[in-house]
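All of the numbers you see were taken from the coordinates with simple rules; none came from a lab. Small disclaimer: the values here were computed from a predicted structure and weren't measured.
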Amino acid sequence: MKERCPCCSGLLYEECCRPYHNGKESPTSLALMRSRYSAYAKGLVDYIQKTTHPKSPHYIPDRKKWSAAILEFTRLSTFVRLEILGYGEDWVEFAAHLIQGGKPLVLREKSRFEQVQGRWCYLSGDVQLA
């Protein structure tokens with residue numbers, strides 16, 4: 001059976017985020033945001049790192065340390081659902097519904113994106129936990 005995409009687009013993973021995970025460039029900040037959510041859900045550390053802007057406060061030059069932090073977050077989280085609340089050319093507001101420690105958690109963020117050499121990257125975001 002074919003798998004639905006974790007980003008909740010309603011499409012199959014192979015038709016939605018997988019091409020981006022396999023190297024296709026995201027054409028919009030929204031496509032990048034969805035593909036990053038899917039990458040977190042699937043534990044695709046390299047993709048998260050590759051699509052994070054070098055000026056992001058989340059960028060960690062020590063790749064080994066950064067990889068461990070991403071893997072720990074993905075190990076402790078069950079990714080339930082992504083809800084897009086709004087978006088523009090270089091921003092996306094979303095609610096990521098997770099389960100951590102057996103309890104539901106909603107991570108709400110307004111993310112900002114910037115292009116680096118013609119490719120979209122996550123720059124920063126304002127996070128609210130509920």
Original post:
List the lysines whose alpha-carbon lies under 28 Å from that of K2, not counting same-chain residues fewer than 8 positions away?
Top reply: K24, K42, K50
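At 222 nm, what value in deg cm²/dmol follows for the chain if DSSP H runs of at least 4 each add -39500 (n - 2.57) and the sum is divided by all its residues, to the nearest 500?
Details: 4 runs with 38 residues, N = 130.
Theoretical 222 nm ellipticity from helices: -8500 deg cm²/dmol.
Give me the number: length gained by fully extending Q49 to V116, i.e. 0.36 nm times residue separation minus the C-alpha to C-alpha distance, one decimal in nm.
22.8 nm
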Subject >> aspartates and glutamates with Cα under 13 Å of K55, excluding same-chain neighbours fewer than 8 positions away >> reply: E114
